[in-house]
Amino acid sequence: MSYLDEIPITPIADKPSTANRTGTWRTFRPIIEYEKCTRCMICWKFCPDVAITLENGGEYEATNDKIKQMVDKAPVIDYVHCKGCGICANECPVNAIQMVKEG
Amino acid sequence: MKRVVTGNYAAAFAAMRARVNVVAAFPITPQTFIVEHISEFVNDGIMDCEFIRVESEHSAMSATVSASATGARAFTATASQGLALMHEILFTASGMRLPIVMPVVNRTLAAPIGIWAEMNDVMPERDAGWILAFVEDNQEVHDMVLQAYRIAEDNRVLLPMMVNLDAFILSHTVEPVDLMEPEDADRFLPSYKPEHAYLDPERPMGVGIFTPPEYIQEERYQTHAAMEGSKQVIKEVNDEFAKMFGRDYGGLVEEYRMDDAEVALLTLGTVTSTAREVVDNLRAEGKKVGLVKVRFLRPYPTDEIRSVASRVKAIGIYDRAISYGVGGPAYIEARSALYGHTDIPISNYLAGIGGRDVMLSDIEFMFNDLLKNAESGKVRKELVWINTRGVEQ
């Protein structure tokens, strides 16, 4: 059997790209100050690596259920994948994200 | 069902009959009517497909690639600048071995800007890993879109395919076309069942991935082997189509009155029809001329062209595009295939650039020039600019 019979016709990764631990590339670590954070979700929207997830933890008064559902969530950084690009810190309208050099 | 339709309608109709699942397209003259007709079919409820309106041709090809990667039968169409904007993603489509079919209405690529027939849009894509077919009339547009899916989706091939038709001469000109009935189309072209890599939420995977040197050379070899292998599939599909519907296009090339021909002219696209008439006229005068319609530039019909050269005393290649500093691309391909296999004179005729009409007299000139080359055994002029003001032809 030739090598060519054993390989797929185009290179395939059997795992999704989340298997790549790109957090190891990071020089600066974004840290969210939750006291300042307004749960506006702009960081979540701008993160180019989908490394900010929304998790329970908000304490905001909401005017309707849909908004309540949203603001009940707080942005949490997934440090396994965050490359430390700093876009979230740059975009945060209330400067609630600080970039701190990794030790 | 015979109807009088444009080449663009024939392409759109064939896409409907191929039951494509996804169409992602952006309008560009002279292709626009292909996707406009498809959007009408979808609106009228006679075509069941996801029609994605995208913001550019780069996105059109990206969306088509993604759709095809999920196992959908995907279709788009473009021309000229639109094809150039797709350039990057064309390589993704072939590298991921996706059987996308795309009619390309060959139009001048700027500058200077023009909307008429010229093949300088598709010629730079010869290295993109797509099968390149060139058609002569509207019936062939219709038939080749259907054949294209059979060729592209064959497990021995799995490569994307362009069906090239000349701007306006076919795209906007009506001709009688035998439009296929749905049951006939289904019989010829069953639905696409991908057995190779395809995206499935139940089975997450990455395709078109970052690949190091340890693997990529074999990947390239496989794609090349698939392109070579497609020659056999093209012939088989042509023969099966001919058996089912009575229209035989000859496979990779079609020879016309080549039996005892002393010279052969190789043509691409619609000029073939004009050349057929010239061959008939010159034959009536007793001149032994013949015609070879080159239907594919990728894969290149190397064996067929070598066989032609072995039977004639001079060979000429018609081009509707120029590779500056060398000559016509179809000429470059033919000469490369013939190197070391023939000593006969080979010459290149450029005509119809920018959509200029190619007249019977222009093609007559080419044949008479070839007959002179055959007699002298020498090339009078390697690159002949036909009907070009200020240039001696």
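Quick look at the numbers
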| quantity | calculated |
| --- | --- |
| Spin-label model distance (nm) - residue B:55 vs residue B:178, 7 Å beyond Cα toward Cβ | 4.6 nm |
| Separation in nanometres of the label points that stand 7 Å from Cα toward Cβ, at residue B:283 and residue A:6 | 5.6 nm |
| Percentage relative contact order, segment B:191-338, counting C-alpha pairs under 8 Å, at least six apart | 21 percent |
| Two-decimal ratio, segment B:176-320, of alpha-carbon radius of gyration to 2.2 N^0.38 Å | 1.43 |
| Cβ-defined net charge surrounding residue B:49, 15 Å radius [Lys, Arg +1; Asp, Glu -1] | -1 |
| Whole-Hz couplings from phi, Karplus 6.51/-1.76/1.60, listed for segment A:87-95; x for Gly and Pro | 4, 4, 5, 5, 7, 4, x, 10, 6 |
| Relative contact order [Cα under 8 Å, 6+ residues apart], chain B, whole percent | 16 percent |
| Chain B: angle of helix B:213-245 to the longest principal axis, Cα-based, in degrees nearest 10 | 80 degrees |
| Of B:231/B:287; A:36/A:83; B:193/B:243; A:15/B:231; A:15/A:83; B:288/B:378, those spanning more than 26 Å from alpha-carbon to alpha-carbon | B:231/B:287; A:15/B:231 |
| 9 Å beta-carbon shell around residue B:230, net charge (K/R +1, D/E -1) | +1 |
| Solitary cysteines of the protein assembly as shown, where the nearest other Cys Cβ is not under 4.7 Å | A:37, A:40, A:47, A:82, A:85, A:92, B:49 |
| Protection-proxy order for peptides B:208-219, B:296-307, B:43-54, each taking the mean of Cβ atoms within 10 Å per residue, highest first | B:296-307, B:43-54, B:208-219 |
| Partner chain coverage, peptide A:2-11 - average Cβ within 10 angstrom | 6 |
| Residue-averaged [θ]222 nm for the protein assembly as shown, counting only DSSP H segments that reach four residues, each worth -39500 (n - 2.57) | -11500 deg cm²/dmol |
| For chain B, convex hull volume per residue from C-alpha positions, Å³ | 145 Å³ |
| Amide H partners (placed H, <5 Å) of residue B:52, local residues excluded | B:23, B:24, B:25 |
| Approximate spin-label separation residue A:24-residue A:54, in nm, with each point projected 7 Å along Cα-to-Cβ | 3.2 nm |
| Shielding score for B:42-48, defined as the mean number of other chain Cβ atoms within 10 Å | 0 |
| Pairs of Cα atoms farther than 15 Å apart, segment B:264-350, % | 57 percent |
| Gained length - residue B:356 relative to residue B:87, 0.36 nm times residue gap less alpha-carbon distance | 94.2 nm |
| Leading residue at positive end of dipole, chain B (Cβ point charges), from B:10, B:199, B:51 | B:10 |
| Relative packing of B:177-183, B:7-13, which averages over residues the other C-beta atoms within 10 Å, highest first | B:7-13, B:177-183 |
| Residue B:323 long-range amide H proximity, modeled H, under 5 Å | B:328 |
| Contact order relative to length of segment B:253-385, as percent, for alpha carbon pairs under 8 angstrom and 6 or more apart | 28 percent |
| Burial ranking of peptide ranges B:232-240, B:78-86 (average Cβ count within 10 Å, highest at the top) | B:78-86, B:232-240 |
| C-alpha long axis of helix B:138-153 to longest principal axis of chain B, angle in ° | 60 degrees |
| Extent along principal axes [Cα atoms of the protein assembly as shown; Å; largest to smallest] | 95, 56, 51 |
| Environment charge at residue B:218 (Cβ cut-off 12 Å; Lys +1, Arg +1, Asp -1, Glu -1) | -3 |
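Read-outs: derived from the displayed coordinates by stated rules, not from any lab. None of these values were measured; they are calculated from a predicted model. Counting neighbours? That spans all protein chains shown, and the Cβs are built from the backbone with ideal geometry, glycine included.
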